[in-house]
1. Go through segment A:106-162 and report how many residues are out of contact with any Lys or Arg (no Cβ under 9 Å at 6 or more places or on another chain), open to solvent by 40 Å² or more (accessible area, probe 1.4 Å) and within 17 Å of A:Ala5 (Cβ to Cβ).
2. Yes or no: B:Glu312 under 17 Å from the mean Cα position of the chain (by Cα), under 23 Å from B:Val423 (Cα atoms), at pLDDT 95 or above and acidic (Asp, Glu)?
3. Taking the conditions exactly as written (among the small types (Gly, Ala, Ser), assigned to a strand (DSSP E or B), at pLDDT 90 or above and not assigned by TED's automatic domain parsing to the domain that holds A:Ile196), does A:Ala304 satisfy them or not?
4. Output yes when any residue across segment B:423-444 is outside any loop (DSSP other than H, G, I, E, B), within 13 Å of chain A (Cβ to nearest Cβ) and of a type in the set (Lys, Arg), and no when none is.
5. Among the numbered criteria (1) among the hydrophobic types (A, V, I, L, M, F, W, C); (2) within 14 Å of another protein chain (Cβ to nearest Cβ); (3) surrounded by fewer than 21 Cβ atoms within 10 Å (Cβ to Cβ), which one does A:Leu261 miss?
6. Got at least one residue in segment B:24-47 being at pLDDT 95 or above, crowded, with 22+ Cβ neighbours inside 10 Å, under 22 Å from the mean Cα position of the chain (by Cα) and of a type outside the set (A, V, I, L, M)?
7. Residues of segment A:65-105 being among the charged types (D, E, K, R), crowded, with 20+ Cβ neighbours inside 10 Å and not in a loop (DSSP other than H, G, I, E, B), which ones?
8. Just to verify a result, which residue in segment A:318-335, among those that are open to solvent by less than 10 Å² (accessible area, probe 1.4 Å) and aliphatic (A, V, I, L, M), is nearest to A:Leu363 (Cα to Cα)?
Amino acid sequence: MVGCAIAYYLAKRGIRVTVIERSIVGSGASSANSGAIALATKKPGIALELAMASQRLYPGLTTELGSNVDYVVEGNLIVAETEVEAAHLEALVADQQAAGVPVQPVSAARCRELNPLIEGRVLGGIHCPTDAQVDPFKVTRAYANAARNAGAEILVRTGVETIEVVGGRVRGVRTRRGAVRAQWVINAAGAHAPEIGRMVGVTHEVLPRRGQIIVLEATEGMPTIRVSGAGQLLAKHGAAAAGGANVAPSYTSKPLNGTVLLGSSNEFAGYDTRNTLPVMAEICRRARNLMPRLGGLHALRCWAGLRPYSASGPLLGGAGGPDGYATAIGHGGDGMALAPITGLYLAEYVAREGRNCSLPDFLGVLKTASPGESGGRPT
Amino acid sequence: MTVELDTDIAVVGAGPAGLAAALAAAGAGARVTVLDEYPEPGGQFYKQLSSEFSVPERARLDDDYTKGDELLAAVRDAGVTLSPETLVWGSFEPGTLSVMQGHAAGTVRARSIIVASGAYERVVAFPGWDLPGVMTPGGVQTLVKNQQVAPRGRIVLGGSGPFLLAVAKSLIAAGAKPAVIYEATRPLEWLRHAPRLWGHWDRISEALHYRRLIAAAGVPVRFGRIVVRAEGDARLERVVLMECDGEGRPIPGTEQIERVDTLCIGYGFVPSVQLARLLGCTHRYELRRGGWVPEHNEEMESSVPSVFVTGEVAGIGGAHVALAEGRLAGLGAARRLGLQVADAAMADARQERLTRRRFGDLVNDVFALKPGVYDQIGDDTLVCRCEEVTARQIREAATEWGADVNFVKGVTRCGMGYCQGRVCGGMVEELTARTVGCSREAVGAFRVRPPLKPVQVGSLADLARE
């Protein structure tokens, strides 16, 4: 997804770009997430700034890319089940409001009103009515197709073997199917980013963090508002959890196809993308505690994906190593939300040869640019 | 409520293969538990065919059971534990199976697992196949035999394969005589296989018995014709048939309209490999035996040590194959546990399996799926009924990025509904492969993830440690 978005914005500027994909388009984390485009889950700072900039791009994306990405604004409710969680939310909502996020603290009664499935104990929550969702697979595919239409080349089932460096500058990559010459090599390999980094002698502090999701049978009349437990944020905003799985209640309704997603979990389990019984059971238990009526629905399937976890947030742009090497990695669970802004920024970064375009400056300029100029050059 | 169980050998599926495997393994001294989803053991075969199956006498081999009740009695006598209404829905560690009994979830631990999960019907869509009144042979058989309900009005049978004759016989017995049977293949096409019939006398007499019975009832069988379209206003009213060539391509100018209230149409069976795939067994595509089949050695052990596959799941071949192969897998699994199994018994079981497989393959070849029937899937025909995905959507997605069925699934949502892709999976693979002109191996198969069948959130929640 991130790779296709970068390719699209580069191609749109007339820059020749080739995406090298080991498997198929959207085969990694891009097709194993719930498609959240949320602000309420972000801690103020660069992650929130990026998310706000990205969220401004999303409503126009279907038109921009010429293919429906199923963008739906359904709102987001984060509930506190414990005093610790309530305290965390209280501090978070104040910071978010100061940063301009339209988020409100809400009472327990209001939580139940917003999503009547909530019958378990909650102490209160925060509500962000503008938070949205997309079909992650459709967004990825839309970017891939639009990139191709704009002249990008996407090589699927092609793994990168080595990165060629001459005189301190990248010269291209060697793949199983031959060499691709390039002046820039952008690492957008998600959880596999460290593997690519090693090819140019750079260590990237990115860890695969597994998220398991359970899909329920299509059911009519499910409340559409997304609900998650604040416990998930505690894990996300805190330091990297050492081992074990973090499972908080998490409910995402997909109104366009009637299904409900439960999860995901957050676990460090290497590159294992299998589902595990204890985590599936825990996801269901937490969901049933908060929303007892879900207990009677059927689980149809599940999946697991690897989020590229980075303790310091997304690593965008220059990352050490030879000239011409850049990264778009470390998005954690926000790859879907942040892909458009990531693509836009990396295209700018490459166009400026990596000079005079720090991320904060870029975001600052974007903010003052008129909305609707989503894909254009911001200066 | 949770379920916990330990056993030497867990057999999944209580059809002919599973029961024969259980009997053989128990006979060699293993503790065996047979897990089956349904209330009564016997599988689809004994459920649907037991009273029909009229091999004149018990065949020559002592353990060649053709009537379920005798096999079942022997299984019970051998001390096998039968666990009905037990759905195997997952496997998360080697040697374990996650099960569901009613709403109680649990785990079965076994030193060996024998997968005898059988087969399900192959559906090939055509315009109008989703109209009420269009049914599969298995659906009709269940209706007639288990619920004593005859389909309404004028009944026409179509498709291909010997199971059509069995369904015709059930319908005749229930007083709902079919008007006509349309078989896609032609006797002329069968002739080249004739020499391979030598020796399979019991099976020939069985086939002749069916044929005689259907002829005596006055039901005509027309060969070399396929249903190209079903039509009706809100409900099936008529079907359009065409003569087809050896490849199943309709011959222009041969349209024929048949008034019909119930169309029972099927093109054979597909191995039910979801569990074997979840267990990690290597599969290969073998059209002759129904599609994707798990690889195995000559004692039926799959690529995963201590996981055996047997019967229809190891390749479509019919009940006699299942019985012979079940015995072989049971002996093989017992031997794998270190139990004594005489070399002679093993050799005999291997030989019997080969003989039965030869006939199974012959039947498969005679009624081989004609590729042209897939050409009847028009662009506007629904392929995935659960998610309402048309063939056009699948064909378009197939050409976008590298022709991969999981990409097609992601783009179109085909296979994401309640049937979990069992009905449409084969069609999506075939359409994807044909659209881009590559092999079924190249386009792959839908990824298999637990649960293998839908299970309640509450039951899964009960498995969590508080």
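1. Residues in segment A:106-162 being out of contact with any Lys or Arg (no Cβ under 9 Å at 6 or more places or on another chain), open to solvent by 40 Å² or more (accessible area, probe 1.4 Å) and within 17 Å of A:Ala5 (Cβ to Cβ): 4 in total.
2. When the stated conditions are applied, B:Glu312 passes them.
3. In short, yes.
4. Scanning segment B:423-444, I find no residue that is outside any loop (DSSP other than H, G, I, E, B), within 13 Å of chain A (Cβ to nearest Cβ) and of a type in the set (Lys, Arg), so the answer is no.
5. Among (1) among the hydrophobic types (A, V, I, L, M, F, W, C); (2) within 14 Å of another protein chain (Cβ to nearest Cβ); (3) surrounded by fewer than 21 Cβ atoms within 10 Å (Cβ to Cβ), A:Leu261 violates only (3).
6. Yes; the residues of segment B:24-47 include at least one that is at pLDDT 95 or above, crowded, with 22+ Cβ neighbours inside 10 Å, under 22 Å from the mean Cα position of the chain (by Cα) and of a type outside the set (A, V, I, L, M).
7. A:Glu85
8. Filtering segment A:318-335 for residues that are open to solvent by less than 10 Å² (accessible area, probe 1.4 Å) and aliphatic (A, V, I, L, M), the one nearest to A:Leu363 (Cα to Cα) comes out as A:Ala328.
The values are calculated or read from the model by the stated rules, or taken from the named source; none is laboratory data. This is a predicted model, so every value here is computed, not measured. Counting neighbours? That spans all protein chains shown, and the Cβs are built from the backbone with ideal geometry, glycine included. With ligands, DNA and RNA removed, areas are computed over all heavy atoms of the protein, side chains included. Shrake-Rupley method; radii C 1.70, N 1.55, O 1.52, S 1.80 Å.
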